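Structure first, commentary second.
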Amino acid sequence: MSPSDPAVPDEPLIEATGIVKRFPGVLALDDVSFDLRPGEAHALVGENGAGKSTLLKVLTGVYRPDAGSLRVCGEPAAFSGPMDAQNAGVQAIHQEIGLVPLMSVARNLLLGREPRTRLGLLDMRALHRRAAELLEPYGVRVDVRRPLRSFGVGTQQMVALARAVSVDARVVVMDEPTSSLEPREVETLFGVIDRLRAQGIAVVYVSHRMDELFRVCDRVTVLRDGRLVHTGALADLDRLRLVSLMLGRDAAEVRAHGLTKFSGDHERADDAPVLEARGLTRRHQLHGVSVTVRPGEVVGLGGLLGSGRSETAKAIAGALPTDGGTVVIAGTELRRPTTARSTRAGVALLPEDRKAEGIVPTLSIRDNIALAALPALSRAGLVSEARIDRIVETFMTRLRIKASSVQQRVGELSGGNQQKVLLARWLATGPKVLLLDEPTRGIDVGAKAEVQTLIDELAQEGLGVLLISSDLEELVEGSDRVVVLRDGAVAGELTGDQVTEQGVMAAIATAPATPPTTEPAAGPGAGEGPARPAEDAPSPGED
Amino acid sequence: MTSLTTVPAPIGEAASPPGASRAERAGHLLQQHGAAIVLMLVVAVASLAFDGFASGGNLANLAVSSSFVAILAVGMTFVIITGGIDLSVGSQFALGGVLAAWASQYGWLAALALPLAVCGTIGLAQGWLIARTGMAPFIVTLAGLLGARGLMLAVSDEGSNTYLVKSSTFAEFGQGEFLGLAYPVYVALVLFGLGALLLQRSRFGQNTFAIGGSEDSARLMGVPVARTKITVYLLTGLLAGLAGALNAARLSSGVTILGVGMELDVIAGVVIGGTLLTGGAGSLSGTLAGVLLLGTIQNVINQIGSLTSAYQQVVSGAFLAVVVVVQRYLSRVQRLT
């Protein structure tokens, strides 16, 4: 175990000053400072694009900063790679574990430090004994000779942690460590974190789960758009304040009128819902999420990163298998939804990552639009070219897609126009429900306004729209109703006058008194107050 | 923090239901020893069906003819476990043979040293390109395949010049016998033994597995990825040179038409032996069984007078396909458990 160094108690283990990191076209970190003291658990929070993961990568030696200085234990450090950082005592536990699944637990734990016999060969008996000893304090009692992949994520993560700490770690960076753990395993992890801190090891803790942050961490650093927004004791903040820091909205003075291109509320037809999702459940991700959308209605799906927004949309569209829940489209229940079935039923999903999951950049606009509608346009496997041309023309004009011709490759278009091509593709299938996951991310202001106007028009024509947006302003002004998710469960639903930025933030920040879900396991709500002592709750209660 | 006293809840038991572990063990057994089991079956059937098969002469012949592929397969096992491939070994084998035969005029030491040096250099260069520039092993070693064969043809005047082995000491390396088996058989066995030790019980072997299992993780855990990769390709080069030299000694000449397509036999032997083509898992005992199985199939088809040796390739191909399908199935089953 790492020797705790009591010599200079108050000297920071890590001191990063004025860190700047640029990527082509993006300033990922802008003059960010961060310090970490021995034995503290420091929360690092921020929304998408806040620069959180960039900062983590700078601290763990994956990226080199363009400017600023990094000191480890008072010594200037310039990491040339993750190995350098590890040698300096900075260890990272990644979401994707960072071990070799096919190798045995013991070999993973001691890779590079295997006990050897006098002949220089591995001493297998010592290897297995040593591995079991290392795992003992983490409550992991498994056959260390078996391949790592035969164990659950919780065990794998503990193995990663045991390995990290045993290599003389002074700082352990944990990136979303609880995202795939069972409540019992989360408890074990918290116990381990406490023990690390008692040894003087500092923990950088990244999580979107408020309860965990307040339970585990002493201090917090909030990043937003690559800048340092706040750093200080977590006890000085309440949840609402923390959420508003993350989202960049002052809780006290939320602007009354916005700058988005959405018109007022849509006429709320009291028709039967066109989309009715009930009790969507998926291990570690969704816990009984229910959403309904009526024709002509725009329903916003709010929440922090990792709260289950995209997962909900994907589950509805059949792109993500669920463990439970039903999806009813226009009165017909989708049995075992697949993307093909949900498309046929009238669901269209514009995915969050349009490059990876949406457009085919090397194909022309025409072919991209025709892609999803092909089954509908073809007869006996033959496609009528004339019909395709007609449909493509219609949407080019209607969605105001700016391109030299329908034959232009989509990869050459601007982000906004790519998004419109994608929208056109789905509209060509004649959907009843549109699921829009971050439809305006990464596109310029003008195009953003156009897409927002389009969403508005489509709703007025009677489509049901489910809108996911991290842009609070867009969410609030675009939606007639907002369902707020929190840690994979519905935290609240806002209608009419309640649909305000403050309302959304409040719903994110406060845990509901009674969980609105069907999860029987849900615990005694996680308190509404600010920081609570770490030892009080018997279980984190959370899903 | 007071939770220091908290006894962590044990994890792990729930992660391994007892039923799954039996299926897993069966899968593991099939993966590791499938080739050996089939080999034993084939040998048993062949001994009963053909009088000539179990004779000492035939088995000795089988052993010698398999030994050269076997030596190459030792190196190939390491390469494939890192997730790579080496297509150049057949060409290097031929090149090594021609160089050894030519150099034998300067004595047996030169006849051994020259092919090792040249093929080692080729292997080193391939490894360097793969590890340092990130080029795909398939492409780099395809270039090596063409390059080594070209070099061999250049050395032998477009193949018109067959060098004869001038050193009788050197010829003895390939032709000499001990207990009725030619020396290359012993060389192959010793190399398998050393290779297995290196693979299972050394840090180098651990690093090989780690790189094939997850290169990013291996790098994060401090495995010298580039150095390990360069070493495995150097190893295949050296072994190809050695096998080529031994073969030249056995034939008393540097035959230029050898080794075409041999890399595919080697790869087939390794994969049939249970080494995952995707890397991260494999064993030399499996490779040995795989190579012997291919050799035995060829031998058996030769015993059936009415079939030409072309059918050997049909059978080997079919076998390889079956093995790969089974591997995929097994890895899916194991992932589910």
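The values are calculated or read from the model by the stated rules, or taken from the named source; none is laboratory data. The shown structure was predicted, so the numbers you read here are calculated from the model rather than taken from an experiment. Cβ atoms come from the backbone with ideal geometry, glycine included; neighbour counts cover every protein chain shown. Surface accessibility is based on the protein's heavy atoms, side chains included, excluding ligands, DNA and RNA. Shrake-Rupley method; radii C 1.70, N 1.55, O 1.52, S 1.80 Å.
Evaluated with a Cβ-only charge set (Lys, Arg +1; Asp, Glu -1), the protein assembly as shown carries a dipole of roughly 2600 debye about its Cα centre, given to the nearest 20. Let me know the shape class of segment A:358-430, please: from the alpha-carbon gyration tensor, a ≥ b ≥ c as square roots of the eigenvalues, rounded when a/c is under 1.5, otherwise prolate if a/b is greater than b/c, or oblate. Prolate is the answer for segment A:358-430, as a/c is 1.5 or above and a/b outweighs b/c. Rounded to the nearest 10 degrees, the inclination of helix B:284-303 to the longest alpha-carbon principal axis of chain B is 50 degrees.
Here the dipole of segment B:144-254 is about 360 debye; that uses its Cα centre as origin and unit charges on the Cβ of Lys and Arg (positive) and Asp and Glu (negative).
Summing +1 for each Lys or Arg and -1 for each Asp or Glu among the other residues whose beta-carbon sits under 13 angstrom from that of B:Thr256 gives -1.
Taking Cα atoms only, the orientation of helix B:108-133 departs from the longest principal axis of chain B by about 40 degrees. Database remark: amide H of A:Leu44 closer than 5 angstrom to the amide H of A:Tyr205, A:Val206, A:Ser207, A:Thr221 (H placed geometrically; neighbours at sequence offset of 5 or more, or on other chains; Pro and chain starts carry no H).
Rolling a 1.4 Å probe across all protein chains gives A:Thr343 an accessible area of roughly 40 Å². Counts of other chain beta carbons within 10 angstrom of each beta carbon in peptide A:191-203 average 2.
Summary of the geometry: segment B:142-216 and segment B:248-295, compared by the centres of their Cα atoms, lie 10 Å apart. For segment A:427-432, the Karplus equation 6.51 cos²θ - 1.76 cosθ + 1.60, evaluated at θ = phi - 60°, returns couplings of 5, 5, 7, x, x, 9 Hz by residue, with Gly and Pro reported as x.
Dividing the summed helix terms, -39500 (n - 2.57) for each DSSP H run of n ≥ 4, by the number of residues in the protein assembly as shown produces a 222 nm estimate of -15000 deg cm²/dmol to the nearest 500. Surface burial for A against B, with a 1.4 Å probe and both sides summed, reaches about 3600 Å² of accessible area. Once both labels are positioned 7 Å from their Cα atoms along Cα-to-Cβ, the gap between B:Ile257 and B:Ser168 label points is 3.0 nm. Based on protein heavy atoms only, the protein assembly as shown ends up with 42 Å² per residue of surface accessible to a 1.4 Å probe.
The amide H of B:Ala182, built 1.01 Å from its N in the peptide plane, has no neighbour under 5 Å, considering only residues 5 or more places off or on other chains.
Given the options B:Ser55, B:Ser104, B:Ser156, state which has the largest fluctuation in a GNM of chain B using a 10 Å cut-off (strictly under) for Cα springs. In this elastic network of chain B, the residue with the biggest mean-square fluctuation among B:Ser55, B:Ser104, B:Ser156 is B:Ser55.
Summing charges over neighbours of B:Val69, with a neighbour being any other residue whose Cβ is under 11 Å away from its Cβ, gives -2 when K and R count +1 and D and E count -1. Could you point to the residue in B:Leu242, B:Ala218, B:Thr231 farthest towards the positive end of segment B:177-255's charge dipole, with +1 and -1 charges on the Cβ of Lys/Arg and Asp/Glu respectively? So the residue furthest toward the plus end is B:Ala218.
The phi torsions of segment A:73-81, fed into the Karplus equation with coefficients 6.51, -1.76 and 1.60 and a -60° offset, translate into couplings of 6, x, 8, x, 10, 10, 6, 9, x Hz, rounded to whole numbers, with Gly and Pro shown as x. Along the axis of the charge dipole computed for segment A:358-430 (Cβ charges of +1 for Lys and Arg, -1 for Asp and Glu, origin at the Cα centre), the listed residues A:Gly411, A:Leu423, A:Ile388 are led at the positive end by A:Leu423.
Rounded, prolate or oblate, given the Cα gyration tensor of chain B, with a/c below 1.5 counting as rounded? Note, shape of chain B comes out oblate. For segment A:403-494, the dipole from Cβ point charges (+1 on Lys and Arg, -1 on Asp and Glu) about the Cα centre works out to 420 debye, to the nearest 20. Modelled label positions at B:Val45 and B:Leu124, each set 7 Å beyond Cα in the direction of Cβ, lie 4.7 nm from each other. Here the relative contact order of segment A:358-430, from alpha carbon pairs under 8 Å that lie six or more residues apart, stands at 52 percent.
Rg/Rh, computed from the Cα trace of segment A:60-135 with Rh as the Kirkwood radius, has the value 1.10. Take every Cα pair under 8 Å whose residues are at least 6 apart in sequence, average their separation, divide by the length of segment B:54-336, and the relative contact order is 33 percent. Simple rule: put +1 on each Lys or Arg Cβ and -1 on each Asp or Glu Cβ in the protein assembly as shown, find the dipole, and look at B:Val190, B:Thr256, A:Val289; the Cα lying farthest toward the positive end is B:Thr256. Applying 1/(1 + (r/R0)^6) with r as the Cβ-Cβ distance of A:His230 and A:Lys402 and R0 = 60 angstrom yields a FRET efficiency of 0.90. Angle of helix B:56-81 to the longest C-alpha principal axis of chain B, folded into 0 to 90 degrees and rounded to 10: 50°.
Among B:His33, A:His42, the sequence by solvent-accessible area, most first, with a 1.4 Å probe is B:His33, A:His42. Ranked by the mean number of other Cβ atoms within 10 Å of their residues, highest first, the peptides A:147-156, A:305-314 come out as A:305-314, A:147-156. Sequentially through segment A:100-109, phi angles give Karplus couplings (6.51, -1.76, 1.60; θ = phi - 60°) of 9, x, 6, 8, 5, 4, 5, 5, 5, 4 Hz, Gly and Pro residues having no value and appearing as x.
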